[in-house]
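Engineer: The structure's right below; bear with me while I get my questions together.
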Amino acid sequence: MTPLYWHTTGSGTTELVLLHGWGLNSQVWSYIVPRLTPHFRVHLVDLPGYGRSQGFGTMTLEQMAQTVAERAPEHAWWLGWSLGGLVASQVALTLPQRVDGLVTVASSPRFSATDGWPGIKPDVLVGFEQQLAEDFHKTVEHFLALQTLGTETARQDTRRLKQVVLAQPLPSVDVLTGGLDILRTADLRQAMAALDMPFLRLYGSLDGLVPRKVAALLDPLWPQSSSYLFEKAAHAPFVSHPDLFCQQLIKYIRP
């Protein structure tokens, strides 16, 4: 079996699994891990095909969730950012008895925009897929820039994210295309309404990929969950506002 990169650190008693977003790897959490390890036993994962988890092919959302869950503790809080939020959500739907609580960051149960639902226009995601085959590096850099657009620290945050990507092995075009396909087709809006575990949703007010309107629409659809909006943050609030991000997370999980 191809090994999944998994690193555990921290002195806390609460297990916390962190899942990164499309195109990146678990190094993206390096800015907040020192703030979390006194409170949690943190599990850093490179999703299948990303970073140091090489050798995996294209996967469905269900396959990705199952692969990650096989390495996870029997009981843990799961936090997923962007695409990682979909994976963490799928784990919660498939194996709810193993998920003590769920946190999604700048994530949406449906990333693709439809009538009455804000998100990424489907033709934009299709365009990314086409561009990947033509200019891999330029497409990934463009996507990273979109994640910080509008923030006061946009240039610095984009540079940090780019460093994370380049510091580890790059995912293949097939893996990235498969990830974009999940973002384009997944729709967990109705399924997740049945979740009864603690559930926190975190958003950036300037996020162009998961618009703030998503939070307002999900508040009545998922009344069992809580939401928080980071002002002046975009798609990566844990990079632009690490202290405030960790404060909100710790307060929710360990009140």
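The values are calculated or read from the model by the stated rules, or taken from the named source; none is laboratory data. All of these numbers come straight from a predicted model, not from anything done at the bench. Accessible surface is based on the protein model in full, side chains and every heavy atom, while ligands, DNA and RNA are left aside. Shrake-Rupley method; radii C 1.70, N 1.55, O 1.52, S 1.80 Å.
Engineer: Taking only protein heavy atoms into account and a 1.4 Å probe, give the accessible area per residue of segment 25-126 in Å².
Structural biologist: 33 Å²
Engineer: If I take all pairs of Cα atoms in segment 144-249, what percentage of them are more than 25 Å from each other? It would help to have the intermediate numbers written out before the result.
Structural biologist: On the way: 1756 of 5565 pairs.
Across segment 144-249, Cα pairs with separations above 25 Å total 32 percent.
Engineer: Roughly how compact is segment 189-255, stated as its Cα Rg over 2.2 N^0.38 Å to two decimals?
Structural biologist: Dividing the Cα radius of gyration by 2.2 N^0.38 Å gives 1.13.
Engineer: Would you compute, from DSSP H runs of 4+ residues alone, the mean residue ellipticity of the chain at 222 nm, taking -39500 (n - 2.57) per run and dividing by the full residue count, rounded to the nearest 500? Working shown, then result.
Structural biologist: Working: 10 runs with 103 residues, N = 255.
Computed ellipticity for the chain at 222 nm equals -12000 deg cm²/dmol.
Engineer: Through the Karplus equation 6.51 cos²θ - 1.76 cosθ + 1.60, θ set to phi - 60°, convert the phi angles of segment 200-214 into ³J(HN,Hα) values in whole Hz; use x for Gly and Pro.
Structural biologist: Rounded to whole hertz, the list is 10, 10, 10, 9, x, 5, 9, 5, x, 9, 10, x, 4, 4, 4.
Engineer: In whole angstrom, and with the biggest value first, how far do the Cα coordinates of segment 12-144 range along each principal axis?
Structural biologist: 45, 32, 27
Engineer: From the convex hull of the Cα coordinates of segment 28-101, what is the mean projected area in square nanometres? Display every interim value, and only then the final one.
Structural biologist: Details: hull surface 20.4 nm².
Result: 5.1 nm².
Engineer: Could you estimate the translational diffusion coefficient of segment 155-211 from the Stokes-Einstein equation, with Rh from the Kirkwood formula over C-alpha pairs, at 37 °C and 0.692 mPa s, in whole µm²/s?
Structural biologist: 221 µm²/s
Engineer: Oh, and also: Calculate the all-directions average of the projected area of the chain's alpha-carbon convex hull, and give it in nm².
Structural biologist: The number I arrive at for the chain is 12.1 nm².
Engineer: In whole angstrom, and with the biggest value first, how far do the Cα coordinates of segment 105-163 range along each principal axis?
Structural biologist: 35, 30, 16
Engineer: Tell me, what % of the accessible area of segment 101-255 is carbon and sulfur with a 1.4 angstrom probe? Write out the running numbers ahead of the final one.
Structural biologist: Numbers: 3700 of 7050 Å².
Reported share for carbon and sulfur atoms: 52 percent.
Engineer: Something else: So what's the Cα pair-distance distribution over segment 58-101, bin width 5 Å, in %?
Structural biologist: 6, 26, 38, 24, 5, 1
Engineer: Evaluate the Kirkwood expression for the hydrodynamic radius of segment 123-193, namely the inverse of the mean inverse distance over all pairs of different C-alpha atoms, and round to one decimal in Å.
Structural biologist: In segment 123-193 this quantity evaluates to 13.6 Å.
Engineer: Which percent of the accessible heavy-atom area of segment 27-89 goes to carbon and sulfur, probe 1.4 angstrom? Could you put the intermediate results ahead of the total?
Structural biologist: Numbers: 1010 of 2020 Å².
Solvent-exposed carbon and sulfur of segment 27-89 make up 50 percent of the total.
Engineer: How big is the gap, in Å, between the Cα center of segment 120-158 and the Cα center of segment 198-224?
Structural biologist: Cα centres, segment 120-158 to segment 198-224: 21 Å.
Engineer: In cubic angstrom, how much convex hull volume per residue do the alpha carbon atoms of segment 67-204 span?
Structural biologist: 129 Å³
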